[in-house]
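The values are calculated or read from the model by the stated rules, or taken from the named source; none is laboratory data. Note that the structure is predicted; figures quoted are calculated from it, not measured. Here the Cβ positions follow ideal geometry from the backbone for every residue, glycine too, while neighbour counts run over all protein chains shown.
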Amino acid sequence: MKKVLKLTVVLFLICAIVAAVLGEVNAVTIGPITAREREKTEKAYKAVLPYADSFTAVDPAQFEAYKSTIDKISTADNGAGHVVETTFSGAQGSITMAVGVDSDGRCAGISIIKHSETSGLGEVAASASERGVSFRKSFIGKDETITIQDIDAITGATITSKAVTGAVATAIEAVKALG
């Protein structure tokens, strides 16, 4: 009994020390990680709606019907359009993407901010490779009726291609629903 109590106390102390160390590491890294994520998002906004310099967030109540996949909608202050941040399921997990919607209700561009897609397949959608760039450019000018047949889908990554296509269509629908 005494041995079990001693082992319990030792295990508790080890766990407490590890928790304290992890807490300190989190406190030190949370600022730089948040700043890096903010920079990446700002870069994505600029990539999908390059003619806009500043944005105003849309009240989430205005796109309540789309809250299951749309995280945020921002309006370009100069009237160039909207940027929709959306998170949806891909082949291997969640994909977070910015979709630019121009003032005519068409896709102005997409930028994948974060994903967990398979290397060499679904991750090509976010890559800087010629194939990834071609995939993302194929969405430009499309409206909410877009289907996978309308884009330059990624061979071997049908689930990712369909998911991105569906998310773009939903983003455009949400912007049009704003009025």
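Listing for the model above:
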{"quantity": "The lone exception for I148 - which of (1) in contact with a Ser or Thr (Cβ under 6 Å, 6 or more places away or on another chain); (2) touching a residue at least 24 places away in the same chain (Cβ under 8 Å) it fails", "calculated": "(2)"}
{"quantity": "Hits in the stretch 124-145 (condition: of a type in the set (A, V, I, L, M, F, W, C), touching a residue at least 24 places away in the same chain (Cβ under 8 Å) and outside any helix (DSSP H, G or I))", "calculated": "F139, I140"}
{"quantity": "Filtered residue count, the stretch 151-175, keeping only those that are over 19 Å from G105 (Cα atoms) and in contact (Cβ under 8 Å) with a residue 40 or more places away in the chain", "calculated": "4"}
{"quantity": "Test set (1) at pLDDT 90 or above; (2) not in a loop (DSSP other than H, G, I, E, B) - G105 fails condition number", "calculated": "(2)"}
{"quantity": "Boolean, L178 is farther than 27 Å from A80 by Cβ and either crowded, with 17+ Cβ neighbours inside 10 Å or over 17 Å from the mean Cα position of the chain (by Cα) (or both)", "calculated": "no"}
{"quantity": "When residues of the stretch 33-86 are limited to those that are under 16 Å from the mean Cα position of the chain (by Cα) and in a loop (DSSP other than H, G, I, E, B), the one surrounded by the most Cβ atoms within 10 Å (Cβ to Cβ)", "calculated": "L49"}
{"quantity": "Count - residues of the stretch 126-162 that are among the small types (G, A, S) and touching a strand residue (DSSP E or B) at 6+ places or on another chain (Cβ under 6 Å)", "calculated": "1"}
{"quantity": "Qualifying position, being out of contact with any Cys (no Cβ under 8 Å at 6 or more places or on another chain) and farther than 22 Å from V58 by Cα, among S103, S134", "calculated": "S134"}
{"quantity": "Yes/no for S111 being surrounded by fewer than 17 Cβ atoms within 10 Å (Cβ to Cβ) and out of contact with any Phe, Trp or Tyr (no Cβ under 6 Å at 6 or more places or on another chain)", "calculated": "no"}
{"quantity": "The stretch 149-168 - residue that is in a helix (DSSP H, G or I) and surrounded by fewer than 19 Cβ atoms within 10 Å (Cβ to Cβ) and, of those, modelled with the lowest pLDDT", "calculated": "T158"}
{"quantity": "Output for the stretch 46-70, where each listed residue is closer than 16 Å to A177 by Cβ and of a type in the set (D, E, K, R)", "calculated": "D59, E64, K67"}
{"quantity": "Long-range neighbours under 7 Å by Cβ, at least six apart or interchain, first residue within 12 Å of S103 (Cα to Cα) within the stretch 70-90, second of a type in the set (V, I, T) and part of a loop (DSSP other than H, G, I, E, B)", "calculated": "T75/V58"}
